[in-house]
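Working notes, structure below.
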Amino acid sequence: MRIAAFAAALVLLSPPHRGAEAAKARRSPWLLFPLDVRRFEHVSSRFGMRRMEGRRKLHKGVDLVAPPGSWVVAAREGRVADTGRAAACGWYVTVQHANSWRTVYCHLRSDPRLLGIVQGLVVPAMGVVGQVGSTGHSTGPHLHFSVLDDLGRPRDPLLALYTPRETLSVLKKMGLAR
């Protein structure tokens, strides 16, 4: 019953479907924080252009540092679109959301399929999708979290994310945290 109430509350928090015009410079949170908020340490790298592999490239997400093994959770309810391993991303999970946007969780500690996270699985908001690791091109344990719009373009996740404190407040209001 709690999951149903939580899902209903998240619908109220949901932004309208905005397609291409969704990219705005102002913060408009609609995603819960994708880590166990009690274990989150800091943001080590933000979204945007930076020097990578000897040239300027777009860092298509945000790097959230937490101890290895910390739970990585779905920032919003959705369906697992893909899981696997990629050279740069390491072990990853991609979740497709009702508004056609996707969230991507990279550098996971191990194959998410070992936790039962498989393509087609419906995951609730705050449902476990993996654990913080350092697989792929990584300099230490963290979650690389990306948000892709309905056209597959990367967007700044920090504009869409509730902060850890805001996420905890939402969970408390839902009776899912103390």
Once phi is turned into θ = phi - 60°, what whole-Hz ³J(HN,Hα) does the Karplus curve with 6.51, -1.76 and 1.60 give for every residue of region 41-49, x standing for Gly and Pro? 9, 5, 8, 9, 7, 8, 5, x, 6
Give the calculated FRET efficiency between His42 and Val118 to the nearest 0.05, with a Förster radius of 45 Å applied to their Cβ-Cβ distance. 0.90
Accessible-area order (highest first, 1.4 angstrom probe) of the listed residues Arg76, Arg113, Arg39: Arg113, Arg39, Arg76
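Compute the accessible area per residue over the chain, keeping the other protein chains in place, probe 1.4 Å, unit Å².
Dividing the accessible area of the chain by its residue count gives 51 Å².
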Alpha-carbon centroids, region 49-96 and region 138-178: separation in whole Å: 12 Å
For Gly84, other-chain or 5+-apart residues with amide H closer than 5 Å (H placed, Pro excluded) are Tyr92
With +1 on each Lys and Arg Cβ and -1 on each Asp and Glu Cβ, and nothing else charged, work out how big the dipole of the chain is about its Cα centre, in Debye to the nearest 20. 400 debye
Could you check how much of the accessible area of region 45-103 is carbon and sulfur, as a whole percent, using a 1.4 Å probe? 51 percent
Pick the calculated Rg/Rh (Cα atoms, Kirkwood Rh) for this structure from (i) 1.05; (ii) 0.94; (iii) 1.02? (ii)
In whole Hz, with x marking every Gly and Pro, tabulate ³J(HN,Hα) for region 125-133 from phi via Karplus 6.51 cos²θ - 1.76 cosθ + 1.60, θ = phi - 60°. 4, 6, x, 5, 10, x, 10, 4, x
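The values are calculated or read from the model by the stated rules, or taken from the named source; none is laboratory data. Note that the structure is predicted; figures quoted are calculated from it, not measured. Glycine gets a Cβ as well: all are built from the backbone with ideal geometry, and neighbour counts include every protein chain shown. Note: areas computed on protein heavy atoms with side chains; ligands, DNA, RNA excluded. Shrake-Rupley method; radii C 1.70, N 1.55, O 1.52, S 1.80 Å.
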